[in-house]
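Student: This is the structure I have questions about; it appears just below.
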Amino acid sequence: MTRIISVLNFKGGTGKTTTVVNLGMALALRGFRVLAVDLDHQGSLAKWLGVPTPLTIAEVLLGQAEWPDAIQRARTRFDVLPSDRRLAEAQELLIQRHASPSILSDRLRGITSASYDFIFLDCAPSINFLAEAALYFSKEVFIPISMEFLALVGAREVIIEILRARRLFSAHTARVSLVIPSFFDARHSKSHQTLHMLEEYFPGIVSSPIRATVRLSEAPGHQLTIFEYDPKGPGSQDFAKLAERVMRNEH
Ligand SMILES: Nc1ncnc2c1ncn2[C@@H]1O[C@H](COP(=O)(O)OP(=O)(O)O)[C@@H](O)[C@H]1O
Ligand SMILES: [Mg+2]
């Protein structure tokens, strides 16, 4: 069974894209087949992993291309369905056409039987149509939360949105299955306080933290995952540990 996972926080810069790239790679290295779908028009996944974007998720959503033609092989067992700025316009068009949030699952029909073990949806940091479509398509939601107040607010908004979507569409079954503390810095008491608070708010579903490390922020500039850029460093250790947790969390 393919696990379809939205990676969501309505605050920007909380580590969503970093999680999709490095958790995706960690799982691919362990033998799983992984697809990362970019639902942010900034197109970070293609830029980070260095894949071309002749066709993107925008054309797929608009019915101008089929998903197998837009998928790019990024690494062994790690594919990307990329985006770029065309996605912003595509979203506007879909809203004008009163498209249903089921459009993502409709246009990606058959993708779950394409033998992927994991599909990660890298969402933009806004409550928009594509975030709703991602929630509609996914069963699980991972929320990366950086150690700051606004990231907690963004996480709370994700939960409100999930509840709202569930009321509107009975097919909505997404639920938060993992909260990922990111930018953790053991020297700062704020990090420990936030972690403690997360464990109270989300009992049993808080993963081990991803430490703040400059290597993680440098890796995209080299078009490398952390396992290629700094294989023995803290970023690789933390994402390997996270992958173990995700593998155990079978649903
Ligand atoms: N654990 C970390 N330590 C240091 N820098 C990080 C870490 N996680 C992410 N970054 C950097 O912070 C910025 C925002 O991260 P990103 O994953 O793009 O956030 P989002 O996708 O939620 O907007 C990026 O420049 C990224 O390289
Ligand atoms: Mg991002």
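Student: Which whole-number percent is the relative contact order of the chain (Cα, under 8 Å, 6+ apart)?
Tutor: Value for the chain: 26 percent.
Student: Please build a GNM for the chain, connecting alpha carbons under 10 Å apart, and tell me which residue among 11, 241, 190 fluctuates the most.
Tutor: 190
Student: Can you compute 3J(HN,Hα) from phi for each residue in the stretch 203-211, using the Karplus curve 6.51 cos²θ - 1.76 cosθ + 1.60 with θ = phi - 60°, rounded to whole Hz and x for Gly and Pro?
Tutor: The phi angles translate into x, x, 10, 8, 7, 5, x, 9, 6 Hz.
Student: May I pose another question? Stokes-Einstein D for the stretch 42-184 at 10 °C, 1.306 mPa s, Kirkwood Rh over Cα pairs, in µm²/s?
Tutor: Rounded, D is 98 µm²/s.
Student: Taking every DSSP beta bridge with both residues inside the chain, roughly what % is antiparallel (nearest 5)?
Tutor: Around 10 percent of the beta bridges assigned by DSSP in the chain are antiparallel ones.
Student: Can you list residues whose amide H is under 5 Å from residue 36's amide H, if they're 5+ apart or on another chain and H is modeled 1.01 Å from N?
Tutor: It is 79, 80, 81, 120, by chain and number.
Student: Could I ask something else about it? Ignoring ligands, DNA and RNA, what percent of the 1.4 Å accessible area of the stretch 89-201 is carbon and sulfur?
Tutor: 56 percent
Student: With the calculation restricted to Cα positions, what are the radius of gyration and Dmax of the stretch 8-110 in angstrom?
Tutor: 13.7, 43
Student: Averaged per residue, what accessible surface does the chain expose to a 1.4 Å probe, in Å²?
Tutor: 44 Å²
Student: While we're looking at this one, here's another question. Using a Gaussian network model on the chain with a 10 Å cutoff between Cα atoms, which of 207, 138, 217 fluctuates the most?
Tutor: Of 207, 138, 217, the Gaussian network model singles out 217 as fluctuating most.
Student: Quickly estimate the mean residue ellipticity at 222 nm for the chain, helices only: each DSSP H run with n ≥ 4 gives -39500 (n - 2.57), and the total goes over all residues, rounded to 500.
Tutor: So the helix-based figure for the chain works out to -12500 deg cm²/dmol.
Student: Whole-Hz Karplus ³J(HN,Hα) for the stretch 89-94, in order, using 6.51 cos²θ - 1.76 cosθ + 1.60 and θ = phi - 60°, x for Gly and Pro?
Tutor: Result, ordered by residue: 5, 4, 4, 4, 4, 5 Hz.
Student: Based on the alpha-carbon set only, what is the convex hull volume of the stretch 140-182 divided per residue, in Å³?
Tutor: Dividing the Cα hull volume of the stretch 140-182 by its residues yields 42 Å³.
Student: List the residues, sorted by chain then number, that are 5 or more residues from residue 175 or on another chain and whose placed amide H is less than 5 Å from its amide H.
Tutor: Amide H neighbours of residue 175: 140, 141.
Student: Across all directions of projection, what mean area in square nanometres is found for the Cα convex hull of the stretch 55-115?
Tutor: The directionally averaged projection comes out at 4.3 nm².
Student: What does the charge dipole of the chain about its Cα centre add up to, to the nearest 20 debye, if the Cβ of each Lys and Arg holds +1 and the Cβ of each Asp and Glu holds -1?
Tutor: That gives a dipole near 420 debye.
Student: Over all alpha-carbon pairs in the chain, figure out the percentage whose distance exceeds 25 Å.
Tutor: Considering the chain, 38 percent of its Cα-Cα pairs are separated by more than 25 Å.
Student: Keeping all protein chains in place and using 1.4 angstrom, which order do 97, 109, 166 fall into by accessible surface area, from largest down?
Tutor: These residues rank, largest area first, as 109, 97, 166.
Student: Beyond 16 Å, how much of the Cα-Cα pair distribution for the stretch 132-251 remains, as a whole percent?
Tutor: 65 percent
Student: Could you identify which residue out of 64, 42, 96 has the top mean-square fluctuation in a GNM of the chain using Cα springs shorter than 10 Å?
Tutor: Between 64, 42, 96, it is 96 that shows the largest mean-square fluctuation.
The values are calculated or read from the model by the stated rules, or taken from the named source; none is laboratory data. Every value quoted in this text rests on a predicted model; they were computed, and no experiment measured them. Every residue, glycine as well, gets a Cβ built from its backbone with ideal geometry; the counts of neighbours run over all protein chains shown. In case anyone asks, the SASA skips ligands and DNA or RNA and just uses the protein heavy atoms, side chains included. Shrake-Rupley method; radii C 1.70, N 1.55, O 1.52, S 1.80 Å.
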